[in-house]
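Everything on this sheet refers to the single structure shown next.
What follows draws every value from the coordinates through simple rules; no lab data is involved. Every value quoted in this text rests on a predicted model; they were computed, and no experiment measured them. Glycine also receives a Cβ, built like all others from the backbone with ideal geometry; neighbour counts cover every protein chain displayed.
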Amino acid sequence: MRINRRKFLGASGALLQVQRSAAQPLPAPQQAHPGVWRFRLGAPEAITPVATRHYAPAAAGFAALPALTACPVSVSGSASRRGYLVRIPLAANEIVYGLGLVRIPLAANEIVYGLGLQLQSLIQRGLKKRLRVNADPKMDTGDSHAPVPFYLTTGGYGVLVDTARYATFYCGHKDRRGAPQPVTESVPAAIGQDALPAAYRRYRFNQATEVLVEIPEAQGVDVYVFGGPKMCDAAQRYNLFSGGGPLPPRWGLGMWYRVKNDYDQEEVVKLASEFRDRRIPCDVIGLEASWETHAYSSTFVWSKKYPDPARLVKSLATQSFRLNLWEHAFTHPDSPIYQSLLAHSGDYDVWGGLVPDFLDPEARKIFSGYHEKEHIALGVSGYKLDECDNSDFTGNWSWPEVSSFPSGADGEQMHCLYGARYQDTLQSIFEKRKERTYGLVRSAGALAAPYPYVLYSDLYDHKEFIRGVANMGFSGILWTPELRNANDPEDLIRRLQSVALSPMALINAWYIKNPPWKQVERNANNADRLAPDWESVEAKCRGVMELRMRLIPYLHAAFVRYQRHGMPPFRALVMDYPDDPATWAVDDQYLVGESLLVAPVVAGQSARNVYLPAGDWFDFWSGTRHPGKQRLRVTPPLEQIPIFVKEGSILPLAEATLHTADPAAFRLHAQVYGDSPRPTVLYEDDGSWRPSLAEVTLTWDGARESGAVSRSGSGGGPRYVVTTWKAVG
Ligand code: GAL
């Protein structure tokens, strides 16, 4: 057995040594980008995520990451009658904390994360996942709106298997005869029993093992390895390889509200005015199915309910609202583009409509051309791209895997690629017009990071939705734990808090007539039976939405770092603290940007534990300072979602405005946490296609207790002004 030693610095600054066991034959990998290696195994298929990609890697970003000389893991593969099998070793690590004489050995295998939207599990080690595209899976099998054949490990590297097949990942728990046997089955004390879920034994501590990836049909595959040395570096490399994260327009980071699916133009205008009158923050109003003459399948033609869409867009714009349109791709025979798409679609229909082949440039041109002329040219800001996943669990309405498409893709490949190719078909309109958009999509896959689209689901378990926020940072995808109706006002407010601290603050009222704070119960809401105390519920909801508005400059800066450096703005704790085993299983908290740790509460929970990693943390609400590396018990009042600010941060909070265009949204209150905080950098964004983003740096002089603002570059657009400074704690 070959032992290969790697060394890197842990988050605590302590030297970590990892002894890796590996025993696989090595095809020589090629360095594709700094710290990114490609193993070409056998004869890869022609249609894969990399082969059909739209964005080139964001090459400039790699320079800021640590230089690496060797590929951190070996990969091997073999063809069989079943397809192609890839093997990637997982180490039985002996992690040694400390320097010199102080050595605290901790037996712990690499823990595996990622594989896309896995709502029911954060840790993938010990699980079998078949990455099949599907809406609303209820079991933890790998079926997902957005499965991604990419994983990251606490060993500090990531692996992308470049396939558009329903690949099966066995994440380190299969006993191959002759493989090393586990030394111990018990959880090492240093990890702590409550740090891992009950099924921890699956993780097989101290056993060298491997990830097996079986790809049906294929006789070869490219496997990309993204080096660290830390997990977060590997995630950044993957996101940069994908093209870097998106930078949403500022309005995209405001509040979103989707109206009931049968609303008409007048009802939309009325609701928009009501929002402004009642001081409900909102930047984007989304229409659901009723705007089209036919929706299942879609015509993309404005219905009689919307007699003057241009006027609607204009009148909403005067109140600083943007308009977003729901649709799916299935093209109804009455659609003006049906005939021209016919030769560029799959051989099976869905809901009586064509399935455009978005791998075919002609289909993309026809589809995007019509959308530009009929919607975007009127001022529509973007789309919600529904039902581009698959439907084994929801009535099986989608195209079968046996379909064939003019591009040569079969139905399985098309399912794996459809979300991303649909996004870039519409993205081509915005690119051409040099406009930015932000929207929703119900499927995504590999290399999705650059798309300004956020994933959502008809599933509705609040805990799973929170896990989604933490989980998606591993896979280069944004996710919204959208709010619809609720069991009671507590459920409503707790859900809204999670929404406010997520990539898209979306209220998706597609099946309720009145805003949910007027009546949480769906039938009563639709019968206009409003709750007697709805105004007090509305006030609490307003408070939550105002918190979102106050965080926009901070969130915007986090997205700039996603675009430039590939750093996910929302991510699980383990991403930043992989050498702290107590973070490994934390799936009900997440990090936002550089300074915030969020621990949402679900209805019925009067208290919860919050794990604070190394360093001191300040309670956002009370300003109380807490040392890290501890589990804290918190009892947050209903109005408060637990948020902790990292010691050494300057947190800029904007005024709470009704929309992002209000000049007051640029007036900041700087809160300072700790005596000598790091400078905070914000970016001034004029909303243009490629904004120059002047850098605004906030610094704090602890001795003098005074703050300063400096600016470099010119950004155009409104300027940030810090109106107050406050030293907290
Ligand atoms: C679902 C979608 C919902 C809503 C609904 C309208 O597929 O997930 O958010 O848009 O369609 O019919």
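Arranged from highest to lowest average of other beta-carbon atoms within 10 Å per residue, in what order do the peptides 283-296, 340-353 appear?
283-296, 340-353
Gain in length, Ala67 to Leu638, computed as 0.36 nm per residue apart minus the alpha-carbon separation, to one decimal in nm?
Full extension of this stretch gives 200.9 nm more.
Among 525-538, 666-679, 439-452, how do they line up by average Cβ neighbours within 10 Å per residue, starting with the highest?
Details: 525-538: 14.6, 666-679: 18.6, 439-452: 27.0.
So the order, starting with the most tightly packed, is 439-452, 666-679, 525-538.
R0 = 35 Å: FRET efficiency of Asp686 with Glu535, Cβ-based, nearest 0.05?
0.40
Once you charge only the Cβ atoms, +1 for Lys and Arg and -1 for Asp and Glu, what is the size of the charge dipole of the chain about its Cα centre, to the nearest 20 debye? Walk me through the numbers before you get to the answer.
Details: 78 positive and 76 negative charges, 399 e Å.
Result for the chain is approximately 1920 debye, rounded to the nearest 20.
Pull up the DSSP beta bridges for the stretch 453-604 and report the antiparallel fraction as a percent, rounded to 5.
60
So, R0 is 51 Å and r is the distance between the beta-carbons of Lys304 and Asn609; what FRET efficiency does that work out to, to 0.05?
Given R0 = 51 Å and the Cβ-Cβ separation, E is 0.40.
Among the aspartates and glutamates, select those whose C-alpha is under 20 Å from the C-alpha of Lys629, and discard any that sit fewer than 8 residues away in the same chain.
Excluding near neighbours in sequence, the set is Asp194, Asp576, Asp579, Asp580, Asp587, Asp588, Glu594, Asp616, Asp619, Glu647.
Does the stretch 375-465 classify as rounded, prolate or oblate by the C-alpha gyration tensor (a ≥ b ≥ c root eigenvalues; a/c under 1.5 gives rounded; else a/b over b/c gives prolate, otherwise oblate)?
It comes out oblate by the Cα gyration axes.
In whole angstrom, how long is each semi-axis of the equivalent ellipsoid of the chain, when you take the square root of 5 times every eigenvalue of its Cα gyration tensor and sort them from largest down?
Square roots of five times the eigenvalues give 38, 34, 23 Å.
DSSP beta bridges in the chain, what fraction antiparallel, as a percent rounded to 5?
75
Taking K and R as +1 and D and E as -1, what net charge do the other residues with C-beta under 12 Å from the C-beta of Trp37 add up to? Mind dumping the intermediate values first?
Details: positive: Arg38, Arg40, Arg237; negative: Asp222.
Around Trp37, the charge tally is +2.
Compare the peptides 376-382, 118-124 by average per-residue count of other Cβ atoms within 10 angstrom and give them in order, highest first.
Top of the packing list down: 118-124, 376-382.
Under a crude label model (7 Å from the Cα following the beta-carbon direction), how far is Trp351 from Asn261 in nanometres?
0.7
Just tell me which lysines come within less than 21 Å, Cα to Cα, of Lys432; anything on the same chain fewer than 8 places away is out.
Lys365, Lys373, Lys384
Within a Cβ distance under 9 Å of Thr293, other residues only, what is the Lys/Arg minus Asp/Glu net charge? List each step's numbers first, then the result.
Numbers: positive: Lys304; negative: Glu292, Asp334.
Cβ neighbours under 9 Å give a net charge of -1.
Compute the signed sum of charges (Lys and Arg +1, Asp and Glu -1) over the other residues within less than 12 Å, Cβ to Cβ, of Ser407.
-2
Can you give the helix-only mean residue ellipticity at 222 nm for the chain, where every DSSP H stretch with n ≥ 4 adds -39500 (n - 2.57) and the sum goes over all residues, rounded to the nearest 500 deg cm²/dmol?
Rounded to the nearest 500, it is -6000 deg cm²/dmol.
Of the beta bridges DSSP finds with both residues in the stretch 571-729, what % are antiparallel, to the nearest 5?
So the antiparallel bridges amount to about 85 percent of the total.
To the nearest 0.05, what FRET efficiency results for Thr723 and Ala32 with a Förster distance of 51 Å applied to their C-beta separation?
Working from the Cβ atoms, E equals 0.60.
How big is the charge dipole of the stretch 261-410 about its Cα centre, in debye rounded to the nearest 20, if each Lys and Arg gets +1 on its Cβ and each Asp and Glu gets -1 on its Cβ?
About 920 debye.
What pairs from Lys129/Lys463; Lys230/Lys726; Lys314/Lys434; Lys304/Lys513; Lys174/Lys463 go past 27 Å between their alpha carbons?
Lys230/Lys726; Lys174/Lys463
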